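Contents: one structure, followed by commentary.
The values are calculated or read from the model by the stated rules, or taken from the named source; none is laboratory data. Here the structure is a predicted model, which is why all the values come from computation and not from measurement. Neighbour counts are summed over all protein chains in view; Cβ atoms, including those assigned to glycine, are modelled from backbone coordinates with ideal geometry.
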Amino acid sequence: MILMVVGLVLFFTIHLVPANAELRRGVVTRYGENAYKIGFSIISLVGLVLIVLGYHKLQLMPGKNPDLWSPPTAMRHIAFLLMLPAMILLVAAYVPSRIRTAAKHPMLAAVKIWALAHLLANGDMASIVLFGSFLIWAVYDRISLKHRVALGPLGAKTGGLAGDLIVLGVGTGLYLLMLKWGHSLLIGMPLLP
C-alpha cells in the first residue's frame, strides 16, 4: 500500500501546483516555463508509475488488500457502460471538437467517470483508495477551475463535425482496445473471458 500511496501523494501534490495560480506563477518565475513543464511531467510520470506498480502489487497480495464490500455483478456492467463516455472524453481533451467545447474540461470529466466506474466495480481497499483519491482530486480540480483560467492542452481551439467524428471514432476504438486487450496488458486484469 505504501508504494501506491507515495505515488498518489507525488501525483496529486504536483497537480495541486497549477490549481494555485500564485504558486504556479512563482515556480515558473523561479525556474522558467520549460523547466516547470519538464519537472511537472517527470514528477507526474514517476507518481503514475508508482501508483500502477503499487496497485498491481496489492492485487497480487489478497491478504494485504482486504475486500471492504462485494459489488453486485450489475455494477461491473454499469462500469463497462460508463467507460465508453470516459474514453470519448479522454480523446476529446486532445482533439478540437464540439464535444470538447461542450464538456469544457473533458479530461477531468473523463477522470471522474473513470474513477466512479471503477469504484462501483471494485470493493477492495486498494481500489477504494486509488479510485476514490482520483475522484476527489478531479472534483476539487474542476471546482478550482472556476477561480482560474486554464483551458487545457489545446487552449481555446474549437472544432466542428470532423473533430466530433474523430473523437467518437478514436474514443470508441480506445474503449474496445482496452476492453479486449489493453486492460489486461496494462493492469494485468482481463475484462473479457
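So which residues in the range 67-80 are free of Cβ contacts under 8 Å to residues at least 24 places away in the same chain and assigned to a helix (DSSP H, G or I)?
Here is the first cut: in the range 67-80, the residues free of Cβ contacts under 8 Å to residues at least 24 places away in the same chain are 72-74, 77.
Residues satisfying the conditions are Thr73, Ala74, His77.
In contact with a helix residue (DSSP H, G or I) (Cβ under 7 Å, 6 or more places away or on another chain) and closer than 21 Å to Leu186 by Cα: is that true of Val52 in this structure?
Values: in contact with a helix residue (DSSP H, G or I) (Cβ under 7 Å, 6 or more places away or on another chain): no; closer than 21 Å to Leu186 by Cα: yes.
The answer is no for Val52.
Determine whether the range 161-180 contains at least one residue that is under 30 Å from Gly63 (Cα atoms), in a helix (DSSP H, G or I) and without any contact (Cβ under 8 Å) to a residue 24 or more places away in the chain.
yes
Here is a check on your reading of the model: is Ala74 touching a Lys or Arg at 6+ places or on another chain (Cβ under 6 Å) and either closer than 20 Å to Ala115 by Cα or surrounded by 15 or more Cβ atoms within 10 Å (Cβ to Cβ) (or both)?
Details: touching a Lys or Arg at 6+ places or on another chain (Cβ under 6 Å): no; either closer than 20 Å to Ala115 by Cα or surrounded by 15 or more Cβ atoms within 10 Å (Cβ to Cβ) (or both): yes.
Spelling it out, it is not the case that Ala74 is touching a Lys or Arg at 6+ places or on another chain (Cβ under 6 Å) and either closer than 20 Å to Ala115 by Cα or surrounded by 15 or more Cβ atoms within 10 Å (Cβ to Cβ) (or both).
Every residue, every condition in (1) at pLDDT 95 or above; (2) surrounded by fewer than 16 Cβ atoms within 10 Å (Cβ to Cβ); (3) closer than 23 Å to Ile78 by Cα; (4) hydroxyl-bearing (Ser, Thr, Tyr), yes or no:
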{"residue": "Leu135", "(1), (2), (3), (4)": "yes, no, yes, no"}
{"residue": "Ile143", "(1), (2), (3), (4)": "no, yes, no, no"}
{"residue": "His147", "(1), (2), (3), (4)": "no, yes, no, no"}
{"residue": "Leu161", "(1), (2), (3), (4)": "no, yes, no, no"}
{"residue": "Val167", "(1), (2), (3), (4)": "yes, no, yes, no"}
{"residue": "Thr172", "(1), (2), (3), (4)": "yes, yes, yes, yes"}
{"residue": "Trp181", "(1), (2), (3), (4)": "no, yes, yes, no"}
